[in-house]
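Okay, handing you the structure first.
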């Protein structure tokens, strides 16, 4: 059953890295501070890969596609990061704290 064996292999994303001290440890495109979550949010807003590369000309199409692939392999992790970056999340999380008057 080669398919079962393939599922057990660790997936490799050549253009994605996680480094302590870079973007809070979020997965980013190698050598940049462009997070996978940013790429996903732009994709969800309807931007094409060409448009994303135009906005960030120092990244390549392959890097953007790998970021999207990483998202689909780690959807729960990235969705959580996206949710935790929303203002509403932090307003609810810090409700009732003394500094929020």
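Read-outs throughout are calculated quantities, based only on the coordinates presented, and are distinct from any laboratory measurement. Quantities reported herein were computed from a predicted structural model and do not represent experimental measurements. Note: ideal-geometry Cβ built from the backbone for every residue, glycine included; neighbour counts use all protein chains shown.
Among (i) -0.23, -0.33, -1.17; (ii) -0.41, -0.51, -1.00; (iii) -0.36, -0.49, -1.14, only one was calculated for this model; which label is it, if the read-out is log10 I(q)/I(0) by the Debye sum over Cα atoms at q = 0.10, 0.12, 0.22 Å⁻¹?
Correct label, based on the coordinates given: (iii).
Who wins for biggest fluctuation among 44, 63, 91 in a Gaussian network model of the chain, springs between alpha carbons below 10 Å?
Result for the chain, Cα springs under 10 Å: 91 fluctuates most.
Would you calculate a helix-derived [θ] at 222 nm for the chain, using -39,500 (n - 2.57) for each DSSP H run of n ≥ 4 and dividing by the full residue count, to the nearest 500?
Computed mean residue ellipticity for the chain: -14500 deg cm²/dmol.
At 7 Å along the Cα-to-beta-carbon direction for both residue 94 and residue 54, put a label point, then send me their distance in nm to one decimal.
3.6 nm
What list do you get for 53, 30 if you sort them by fewest beta carbons within 10 Å?
Sorted ascending by nearby Cβ count, the order is 30, 53.
I've got another one for you. Taking the Cβ of each residue in 71, 56 as the centre, tally the other Cβ atoms inside 10 Å and list the residues starting with the fewest.
Fewest-to-most ranking of 71, 56: 56, 71.
Which of 31, 46, 21 ends up with the largest GNM mean-square fluctuation for the chain, with Cα atoms connected below 10 Å?
Checking each option, the largest mean-square fluctuation is seen for 21.
In degrees between 0 and 90, to the nearest 10, how far off the longest principal axis of the chain does helix 75-84 point, with axes built from Cα atoms?
Between the helix axis and the principal axis of the chain, the angle is about 20 degrees.
What's the angle, to the nearest 10 degrees (0 to 90), between helix 61-73's Cα axis and the longest principal axis of the chain?
Tilt relative to the chain: about 70 degrees.
Based only on other Cβ atoms within 10 Å, what is the fewest-to-most ordering of 65, 72, 47?
Fewest-to-most Cβ neighbours within 10 Å comes out as 72, 65, 47.
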